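Quick notes on the structure that follows.
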Amino acid sequence: MIHVTAIAFTGYPVTDLARARSFYETLLGLKPATIFGEGDKSWIEYDIGPGTLAITNASPEWKPGGGPAIALEVADFDAAVAALRVAGTPFVVEPVRHPACALAVVHDPDGNSVALHHHLPS
């Protein structure tokens, strides 16, 4: 069984990063906590209480209008990936490791995106 420890983040894909940042930062008053990427493709995180909202235009597979995606923080990323593979769950985004985290995305039975996430020690 996969051990989920928290909601890592909720994410929204955006088409116009500057316009989205204006909405979230100027209108809603959120402050960027983390920014990955540069130029016209970025991933921006806003810490809100114990949760995080992420916006991005850096993933061509993830298009606006398909609903948000939840990222579940897992205790053991490799074991979670292995359990999903054993169950025959196809990966929408194959497991990948970034400097700050490990991430993989699957669909639930209705096609909703569910990400597995694991913060990596810095």
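Only the coordinates and a few stated rules stand behind these numbers; no lab work does. Because the structure is a prediction, the values reported are computed rather than measured. Glycine also receives a Cβ, built like all others from the backbone with ideal geometry; neighbour counts cover every protein chain displayed.
How big is the dipole moment of region 4-119 about its Cα centre under a simple scheme where the beta carbon of each Lys and Arg is +1, that of each Asp and Glu is -1, and everything else is neutral? Debye, nearest 20, please.
Roughly 160 debye for region 4-119.
What FRET efficiency, computed as 1/(1 + (r/R0)^6) with R0 = 30 Å and r the Cβ-Cβ distance, is obtained for Asp78 and Glu38, rounded to the nearest 0.05?
On the way: r = 30 Å, r/R0 = 0.99.
My answer for the efficiency is 0.50.
Amide H neighbours of Tyr12 under 5 Å, at least 5 residues apart or on other chains, H built in the peptide plane: list them.
Under 5 Å from the amide H of Tyr12 lie the amide H atoms of Ala54, Ile55, Thr56, each far enough along the sequence or on another chain.
Mind giving me the nanometre distance, one decimal, between the label points for Ser22 and Thr10, set 7 Å out from Cα along Cα→Cβ?
2.5
Quote the relative contact order of the chain in percent (integer), defining contacts as alpha-carbon pairs under 8 Å separated by 6+ residues.
Rounded, it is 27 percent for the chain.
Just want the ordering: Ile70, Ile35, Ile55, from fewest to most Cβ atoms lying within 10 Å of their own Cβ.
Sorted ascending by nearby Cβ count, the order is Ile35, Ile70, Ile55.
Once every DSSP H run of n ≥ 4 in the chain is given -39500 (n - 2.57) and the sum is divided by its residues, what mean residue ellipticity at 222 nm do you get, rounded to the nearest 500 deg cm²/dmol?
Values: 2 runs with 15 residues, N = 122.
Helix contribution divided over all residues of the chain: -3000 deg cm²/dmol.
Taking +1 at the Cβ of each Lys and Arg and -1 at the Cβ of each Asp and Glu, which of Ala69, Asn112, Tyr12 sits farthest along the dipole of region 4-119 towards its positive end, judged by Cα position relative to the Cα centre?
Tyr12
Report the Cα centroid-to-centroid distance between region 7-49 and region 76-122 in angstrom, as an integer.
For region 7-49 versus region 76-122, the Cα centre distance is 22 Å.
Show me, bin by bin at 5 Å from 0, the whole-percent P(r) of the chain based on Cα pairs.
2, 10, 20, 25, 19, 14, 6, 3, 1, 0
What ³J(HN,Hα) values, in whole Hz, does the Karplus curve 6.51 cos²θ - 1.76 cosθ + 1.60 give for region 23-31 when θ = phi - 60°, with x put for Gly and Pro?
4, 6, 8, 7, 6, 8, x, 6, 10
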